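Structure first, commentary second.
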Amino acid sequence: MFQRFRRTRLNKHLRALVRETSVSVNDFIYPLFVRSGSGIKTEVASMPGVYQMSIDEILKECETLKKLGLYSIILFGIPDVKDSIGSDALCEHGIIASSVRAIKETHPEMFVVTDLCFCEYTDHGHCGILNHETVNNDATLEISAQQAIVHAKAGADMIAPSGMMDGIIEALRSALDNSGFENLPIMSYSTKFASGYYGPFRDVAESTPSFGDRASYQMDPANRREAIAESIEDEAQGADILMVKPALAYLDIVREIKDATSLPMAVYNVSGEYAILKLAGKHELIDYNRVVMETMIAFKRAGADIIISYHAKEVALMLQNV
Ligand code: PBG
Ligand code: ZN
């Protein structure tokens, strides 16, 4: 006697009935890159379909996103001026604060997440204040708390610290609580690896470090136990949502953290992962739409509740057409 697994595969309605995992437009957060000026919409060479946009263009983009049913975005800023401490990120007239205010005024129903880091704002491109050649953890916590308050006052709906500083969640939670923002959620980039997959992002965000790399604060891709411990530590410090980043090469880590926490889990399907599929699709090496959808299903199957992805608009369109 053997099991006839094919019995439930022979009819497409039955296949739909027994399908364990699904992807919905509600699962996505779409990344947007904002810079000053007007009428600016510059495509990034390494990421076809991804643009640096001025605020007026971002407002138009939100209109498009809403029509697709995409209401959640995560904002990255490219400031006019960079300096050693990333002052633009600490200023209520900085690029992110100005964008958040404009978006929430024109599209109050959008859910605006702000990436909280310093690498896009510092002239050295590292994720915090430098002490000689390394990032000073505790000094960076202080300015990160300031940045969180700037985002919160501008109207951000959720803060997402991505700099991998120790103690950041506790620092942000207490700063937000002390300023009356106790209901503002924190989505932590809790397990973020030092990854080559971020290459194209650093082009679009203009945030490549001017010297060295991020290995003294981002995680070693080889470490599994540490990856789990970092996320669980952020849960203990008060994170509302945990994250694994990048996504594709780390789905084992997604599953393990998911099994170790009851918090919602996000994956960041990063720039290099996007670029690889785009290029393979362009050269007709793969059936692009099919591979994108298969990839999104894999994230959900691994345990992701939320997918941050440059593919979000394409996926929303695909979901409309099924
Ligand atoms: C900044 C930040 C990075 C990404 C999101 N926030 C890059 C980095 O650490 O260099 C990567 C996103 C992507 O590759 O799509 N801390
Ligand atoms: Zn950073």
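We did not get these values from a lab; they are worked out from the coordinates using the rules stated. Just so we're clear, the structure is a prediction, and the values are computed from it rather than from any experiment. In this analysis, Cβ positions are derived from the backbone assuming ideal geometry, glycine residues included, and neighbour counts consider all displayed protein chains.
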Margin query: Pick from Ser84, Ser231, Ser72 the residue whose mean-square fluctuation is largest in a GNM of the chain, springs joining Cα atoms under 10 Å.
Written below: Ser84
Checklist line | For the chain: relative contact order, % (alpha-carbon pairs under 8 angstrom, 6 or more apart) | finding: 18
Check: Where a Cα-Cα gap under 18 Å defines reach, which lysines qualify for Lys60, not counting those fewer than 8 residues away within the same chain?
Finding: Lys41, Lys104, Lys313
Check: To the nearest 10 degrees, how steep is helix 271-282 against the longest Cα principal axis of the chain, on a 0 to 90 scale?
Finding: 50
Next item on the list: Just order 52-65, 211-224 by mean Cβ neighbour count inside 10 Å, highest at the front, would you?
Entry: 52-65, 211-224
Notebook entry, point to check: How far is helix 168-178 tilted, in degrees, relative to the longest principal axis of the Cα atoms in the chain, given as a value from 0 to 90 rounded to the nearest 10?
Noted result: 70
Item checked: Estimated 222 nm signal from helices in the chain, with DSSP H stretches of n ≥ 4 weighted -39500 (n - 2.57), rounded to 500 -> -12000 deg cm²/dmol
Item checked: Rg(Cα)/(2.2 N^0.38 Å) for the chain, N = residue count -> 1.00
Next item on the list: Would you please give the FRET efficiency between Ser38 and Glu92, computed as 1/(1 + (r/R0)^6) with r the Cβ-Cβ distance and R0 = 22 Å, to the nearest 0.05?
Entry: 0.65
Notebook entry, point to check: By DSSP, what percent of the beta bridges with both residues in the chain are antiparallel, rounded to the nearest 5?
Noted result: 15
Notebook entry, point to check: Hey, what angle do you get for helix 95-106 against the long axis of the chain, alpha-carbon based, 0 to 90 degrees rounded to 10?
Noted result: 60
Check: Can you give the charge dipole size of the stretch 19-320 about its Cα centre, rounded to the nearest 20 debye, using +1 on the beta carbon of Lys and Arg and -1 on the beta carbon of Asp and Glu?
Finding: 880
